[in-house]
Amino acid sequence: MFPGPLGTSLAGQALDAKIWSLETIQIRDFGIGKHRQVDDSPTGGGAGMVLRADVLGPALDHAKTLNPDAPQIYMSPRGTRLTQDMAHTLAAGPGATILCGRFEGIDERVIEHYGLTEISIGDYVLSGGELAGMVLLDAVVRLLPGVIGAPESLAHESFENGLLEYPHYTKPREWQGRPTPDVLLSGDHKKIAAWRQQKSEHITAERRPDLSDVKVPKKP
Ligand code: SAH
């Protein structure tokens, strides 16, 4: 599955340029017995399978030898919701080991023993942690210096400064009878910045009042 979409476009170019790197560990290599079994039925009964602690343990130990300082993360719907702040923290750090679950998940003792940080990408259940891990990686990689050509484009994005982003327009000037806002064609950069700030605050207040305490009752 990896690098999957992370091997294309911005993240892919940065991977080729060695701005970041990715090492995948196949937990089956640590599987048990002739069939390299990695899972077993849940103790106490119930549906599904659980990834075994005595398989994940050696896999995580191996990961530690590759990047001893990396925080060990388990992608999990029970985890703390991924935020832009977390992406910034990880981008500034030494990398990460990301454990991707499957089936019903993993033996709880692995989380306890390794002090895994559980991170969720949202309140829904995926069939595996790989896509969630890719979401996390993509959010982090694009923040690394040199990945995005125009770094100033990062500063105004949604969730930076507790705001959602203002609306964008491009050519043509009029489309389906809809004009581009005049102010954006004025060439007055101060006025444009003020308009964008106002739009940002308004959209945030309307859609995500939880993000900031900016209150903008009227449409700009
Ligand atoms: N039985 C678990 C869900 C297991 S889903 C529960 O009810 O909480 C299988 C795997 O997919 C999980 O181990 C986890 O690694 C991954 N996964 C599923 N949903 C996710 C989410 N919202 N965020 C991050 N990882 C998720």
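The values are calculated or read from the model by the stated rules, or taken from the named source; none is laboratory data. These numbers come from a predicted model, not from an experiment. Glycine also receives a Cβ, built like all others from the backbone with ideal geometry; neighbour counts cover every protein chain displayed. These area figures cover heavy atoms from the full protein model, side chains too; ligands, DNA and RNA do not enter into them. Shrake-Rupley method; radii C 1.70, N 1.55, O 1.52, S 1.80 Å.
Values for this structure:
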read-out: First in the range 58-78 and within 24 Å of GLN37 (Cα to Cα), second anywhere and part of a helix (DSSP H, G or I) and more than 15 Å from the ligand (Cβ to nearest atom), Cβ under 8 Å, 6 or more apart; value: PRO58/PHE30; ALA59/ASP29; ALA59/PHE30; HIS62/PHE30; GLN72/ALA63; GLN72/LYS64
read-out: The range 118-130, subset open to solvent by less than 70 Å² (accessible area, probe 1.4 Å) and β-branched (Val, Ile, Thr), residue farthest from PRO209 (Cα to Cα); value: ILE119
read-out: Residues satisfying the stated conditions in the range 136-151, i.e. part of a loop (DSSP other than H, G, I, E, B) and open to solvent by less than 60 Å² (accessible area, probe 1.4 Å); value: LEU143, LEU144, VAL147, ILE148, ALA150
read-out: Unmet requirement for ILE106, which otherwise passes all of (1) within 16 Å of the ligand (Cβ to nearest atom); (2) under 30 Å from PRO151 (Cα atoms); (3) not hydroxyl-bearing (Ser, Thr, Tyr); value: (2)
read-out: Only listed residue being within 9 Å of the ligand (Cβ to nearest atom), surrounded by 15 or more Cβ atoms within 10 Å (Cβ to Cβ) and among the small types (Gly, Ala, Ser), chosen from GLY48, GLY133, GLY57, GLY95; value: GLY133
read-out: Residue that is most open to solvent (accessible area, probe 1.4 Å) [pool: residues in the range 71-92 that are within 17 Å of GLU112 (Cα to Cα) and either among the hydrophobic types (A, V, I, L, M, F, W, C) or more than 10 Å from the ligand (Cβ to nearest atom) (or both)]; value: THR80
